[in-house]
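The values are calculated or read from the model by the stated rules, or taken from the named source; none is laboratory data. Quantities reported herein were computed from a predicted structural model and do not represent experimental measurements. Positions of Cβ are backbone-derived with ideal geometry, glycine not excepted, and every protein chain shown enters the neighbour counts. SASA here: full protein model, heavy atoms, side chains in, ligands and nucleic acids out. Shrake-Rupley method; radii C 1.70, N 1.55, O 1.52, S 1.80 Å.
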Amino acid sequence: MSSDISIIGLGLMGSALAGALLKAGHRVTVWNRSAAKAEPLAAQGAVVAATAAEAVGASPLVVVCVLDYAATRQSLEGADLTGRVVLNLTNGRPAEAREMSAWVTGQGGDYLDGGIMAVPQMIGAPGALVLYSGSRPAFERYEDTLAVLAEPRYLGADPGLAPLYDLAMLTGMYGQFAGFLSAAALIASEKRSVAEFTESLLVPWLHAMAAITPPMGAQIDAGDHATDVSNLEVNRVALTTLDAAFRDQGVKFDLLAPLKAVMERRVARGHGYEDMSGLAEELR
Ligand SMILES: NC(=O)c1ccc[n+]([C@@H]2O[C@H](COP(=O)([O-])OP(=O)(O)OC[C@H]3O[C@@H](n4cnc5c(N)ncnc54)[C@H](OP(=O)(O)O)[C@@H]3O)[C@@H](O)[C@H]2O)c1
């Protein structure tokens, strides 16, 4: 084999991964469906394969970072995966990762799935994290190499774990954005500065509130939703006030309305004395 690592998929993320590995001194072979995206990497020393199968043949570690799992499968179809470690850094669902793992191992390869918790500009810099799951021997063999890209965190042998945790982290992020955007619209409704409000008041407040989520997580694990902080009924009333205030200000409550609806359902079922953590049970 002529290279250490092959990268299939040279979009924004795949190019960043290949660039960081080249910078660290690895011999890298690359392939992309549209050939032009390989040119900047060739200039940095990458070998450009003519086909995906040729890229697979070039290295023991094959990293795939394309649009979706269908594109991953399409790229690898027909390549000889025998003895290869396939690391799929494409975003997807746990079920897709498990299916891909079965397919790759059925072809004689070893499979690792990964969830990139970073944007391309963060690859190779402090603060980037990649979640891994699947073959432990494959992870241990390449852990040091992968550390060049981002802090590697191995979650377990079930290949579905990396996408599960990745999607859970995105869920937390989108929930935070929903709160931020609603708060911003409320502040903007009085023509006040959203930037100033966000920096001086909202971010410190969100930090303080984030600190109470690990104990809530422990309550969810234990199925014990007793509270001496604030109960669900108090929060239901707060959400009702918010809904009315948004209407007064001419701002849509659309992003938070589902939270209010789930709270109302939980309280109606007799759980108003419990902690907010009980809502996680209402969602299952
Ligand atoms: N960008 C980020 O911030 C970020 C962060 C975390 C995770 N990710 C994940 O990384 C993956 C790639 O994202 P990206 O930002 O690099 O996207 P991108 O810039 O749009 O690149 C998409 C890549 O997929 C390839 N592709 C699409 N369909 C294909 C097919 N049928 N066969 C072969 N190749 C195909 C494209 O090839 P062509 O060039 O030929 O179109 C291109 O190389 C996604 O799963 C994304 O969710 C991205």
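Being open to solvent by 50 Å² or more (accessible area, probe 1.4 Å) and not in a strand (DSSP E or B) narrows it down to one residue among Leu170, Leu181; which is it?
After ruling out the rest, the residue left standing is Leu181.
I'm trying to understand the selection: among the residues of the stretch 37-49, which are without any contact (Cβ under 8 Å) to a residue 24 or more places away in the chain and open to solvent by 80 Å² or more (accessible area, probe 1.4 Å)?
Listed by number, the residues that qualify are Glu39, Ala43.
Can you name every residue in the stretch 140-160 that is surrounded by fewer than 22 Cβ atoms within 10 Å (Cβ to Cβ) and closer than 22 Å to Leu22 by Cβ?
Hits for the stretch 140-160 are Arg141, Tyr142, Glu143, Asp144, Thr145, Ala147, Val148, Glu151, Pro152.
Can you confirm whether the stretch 92-114 contains a residue that is out of contact with any strand residue (DSSP E or B) (no Cβ under 7 Å at 6 or more places or on another chain), near the ligand (Cβ under 9 Å from one of its atoms) and closer than 18 Å to Leu161 by Cα?
yes
Inspect all residues belonging to the stretch 60-81 and state whether any of them is surrounded by 18 or more Cβ atoms within 10 Å (Cβ to Cβ) and away from the ligand (no atom under 16 Å from the Cβ).
Yes: one or more hits.
Here is a check on your reading of the model: is Ser34 touching a helix residue (DSSP H, G or I) at 6+ places or on another chain (Cβ under 9 Å) and surrounded by fewer than 20 Cβ atoms within 10 Å (Cβ to Cβ)?
no
Those residues that are of a type in the set (Asp, Glu) and open to solvent by less than 60 Å² (accessible area, probe 1.4 Å), I need them from the stretch 232-258; list them, please.
First pass over the stretch 232-258, keeping only residues of a type in the set (Asp, Glu): 233, 243, 248, 254.
Within the stretch 232-258, Asp243 is the sole residue that qualifies.
Looking at the stretch 19-41, which of its residues are of a type in the set (Gly, Ala, Ser) and away from the ligand (no atom under 15 Å from the Cβ)?
Matches in the stretch 19-41: Ala24, Gly25.
I'd like to know if the stretch 199-222 contains one or more residues that are outside any helix (DSSP H, G or I) and open to solvent by 40 Å² or more (accessible area, probe 1.4 Å).
yes
Tally time: how many residues in the stretch 180-233 are small (Gly, Ala, Ser) and either over 29 Å from the mean Cα position of the chain (by Cα) or not assigned by TED's automatic domain parsing to the domain that holds Asp254 (or both)?
Here is the first cut: in the stretch 180-233, the residues small (Gly, Ala, Ser) are 182-185, 188-189, 193, 195, 200, 208, 210-211, 217-218, 222-223, 226, 230.
Right, trim to either over 29 Å from the mean Cα position of the chain (by Cα) or not assigned by TED's automatic domain parsing to the domain that holds Asp254 (or both) and you get 188-189, 193, 226, 230.
The number of residues fulfilling the criteria is 5.
Go through the stretch 101-123 residue by residue and tally those that are surrounded by fewer than 24 Cβ atoms within 10 Å (Cβ to Cβ) and not in a loop (DSSP other than H, G, I, E, B). Full working, then the answer.
Pass one, the stretch 101-123, residues surrounded by fewer than 24 Cβ atoms within 10 Å (Cβ to Cβ): 102-103, 105-110, 116-123.
Still in the list and also not in a loop (DSSP other than H, G, I, E, B): 102-103, 105-106, 110, 116-117, 120-122.
Qualifying residue count, the stretch 101-123: 10.
Can you tell me how many residues within the stretch 196-223 are without any contact (Cβ under 8 Å) to a residue 12 or more places away in the chain and of a type in the set (Ser, Thr, Tyr)?
2
Given the conditions (1) away from the ligand (no atom under 14 Å from the Cβ); (2) without any contact (Cβ under 8 Å) to a residue 40 or more places away in the chain; (3) open to solvent by 10 Å² or more (accessible area, probe 1.4 Å), and given that Gly57 satisfies all but one, which numbered condition is not satisfied?
Just one mismatch for Gly57, condition (2).
In the stretch 124-139, which residues are assigned to a loop (DSSP other than H, G, I, E, B) and either under 17 Å from Leu67 (Cα atoms) or open to solvent by 10 Å² or more (accessible area, probe 1.4 Å) (or both)?
Gly124, Ala125, Pro126, Gly127, Ser135
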